[in-house]
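Encoded as structure tokens, the structure appears first; notes follow it.
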Amino acid sequence: MMAGMALPVVAIVGRPNVGKSSLLNRLVGHRISIVDPTPGVTRDRVSAPCPIGEGYVELVDTGGMGIEDADELTEHVENQIAYGIAEANLIVFLVDAREGLMPLDRHVAEKLRPLGIPIVLAANKVDEIEMTAETAELNALGFGEPINISAHHAIGIEELIDAIAAGLGGTPAERPDDAAMKLAVVGKRNAGKSTFINALAGEERVIVSETPGTTRDSVDVTVQIDGRKLCLIDTAGVRKRRKISGDIEFYSYRRALRSIRRADVVALMVDASVPVGKADKDLARQIAEEFKPVLLVVNKWDLARNVASTDDYAEYLAKVLPELSFAPISLTSATEGVNVRETVGLAEQLFDQARHRVGTGEMNRVFEEIMAQRGPSHKTGTKPPKVLYVSQVATAPPTIVVFVNDLRSFDRNYQRYLINQLRERLPYGEVPIRLIFRPRTGKEGR
């Protein structure tokens, strides 16, 4: 199979707390799903490319089948499991070897039996090589003798991989093409992030609910839009740090921050129906510190358009989120699909801006013009300030090294002035610009 074609889908299915997320993390080779002893931690489908044999599959972690969700999301979780099963080419039916055969395992088996696709039965939490007596009763499920594994201790994993490859009858020879752009959608709870993702995906890819904190993992959703493959990262809703309670929320918050770091572009989604709060400001600060291209997505604009004009709201955002005053604004209504596609187009523009490189000659000419218009103040006890040589040394973010004769004259105020001038004169006016000042070493500027 050629790179870029759809991968076979392998879904990990089972009752709650048998170790599905741990198994996904083990097979993929790094932590993707949140692992916690609390039943029902995984709600959305979490997936990632996974090496199997000589090729790759899309490995999908699903929620615990039969869970009664504490936030009354049971139906949503079951729907996500059903989607995952419907797309699967093979299912890894995971049970807990230590607890043995449970009624819920029989319930899962009844759901899987009519599917007509390969099913590999795996008994997890086998911390010793020989647990034959403990796992023998699992034969009653009707899927043959289970493969004894320990996702935590990496026992039996190679045998499981071989069984998956055999069940699929061969896997693609190449890793799938990476997405052209990774767009992380971040924001506080209930801002509409998952609704936005689903509107782009064209299906209920992640759970949407009025219950705050529904999304716990960062979920990657790959979509094709106008022929381009994009990775949309749905993240857990963030709230004030002092209100974060429990391991699940802590790891959800950390995953949201990690999603910002690995994204090419970040969409900071704010809820137009409520004031910008501390959680929004904390996220804005994190995004600015990572020098990430960002657009401000004002969701639920249909609820606010009669209260504030577009210009007034833009002025309000610049005031409350000053670190992102350069960022473009997109007014959306995700529930109605208004401006959703256009928002992605705007993100792609930022993606391209952040990767633009300006030649050394043009960069030095621009700096000469800026200095002629307004140079830094000549501080007492310093040399008359001069810019000796300028060069863009990196992209994403555009990174410019400025060699000067005396660092003391180029204070923060003048650096801000320089960045604002560069935004007006260079083709990356809506993305972060990193300026690095270096003193003369005797070589530059000759």
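Quick notes
- Region 351-445 - charge dipole about Cα centre, Lys and Arg +1 at Cβ, Asp and Glu -1, debye rounded to 20: 340
- Estimated FRET transfer efficiency (residue 113, residue 320; beta-carbon r; R0 41 Å; 0.05): 0.15
- Order by protection proxy (mean Cβ within 10 Å, highest first), peptides 97-108, 116-127: 116-127, 97-108
- Remark: region 302-318, residue by residue, has Karplus-estimated 3J(HN,Hα) of 4, 8, 10, 5, 8, 9, 9, 7, 4, 5, 4, 5, 4, 5, 5, 5, 4 Hz, where x stands for each Gly or Pro and the curve is 6.51 cos²θ - 1.76 cosθ + 1.60 at θ = phi - 60°.
- Net lengthening on full extension, residue 335/residue 306 (0.36 nm per residue, minus Cα-Cα): 8.6 nm
- Listed residue pairs exceeding 29 Å between alpha carbons, taken from 125/292; 319/383; 111/300; 182/281; 125/182; 20/182: 125/292; 319/383; 111/300; 125/182
- Amide hydrogen neighbours beyond the local backbone of residue 64, cut-off 5 Å, H modeled: 40, 42
- Near residue 419, once Lys and Arg are set to +1 and Asp and Glu to -1 for all other residues with Cβ below 14 Å from its Cβ, the sum equals +2.
- Amide hydrogen neighbours beyond the local backbone of residue 330, cut-off 5 Å, H modeled: 296, 297, 298
- The distance between label points at residue 356 and residue 261 comes to 2.9 nm (points 7 Å beyond Cα on the Cα→Cβ vector).
Readers should treat all values here as calculations from the given coordinates under stated rules, not as data from a laboratory. From a predicted model like this one, the values you see are computed outputs, not experimental measurements. No Cβ is skipped: glycine too gets one built from the backbone with ideal geometry, and neighbour counts run over all protein chains shown.
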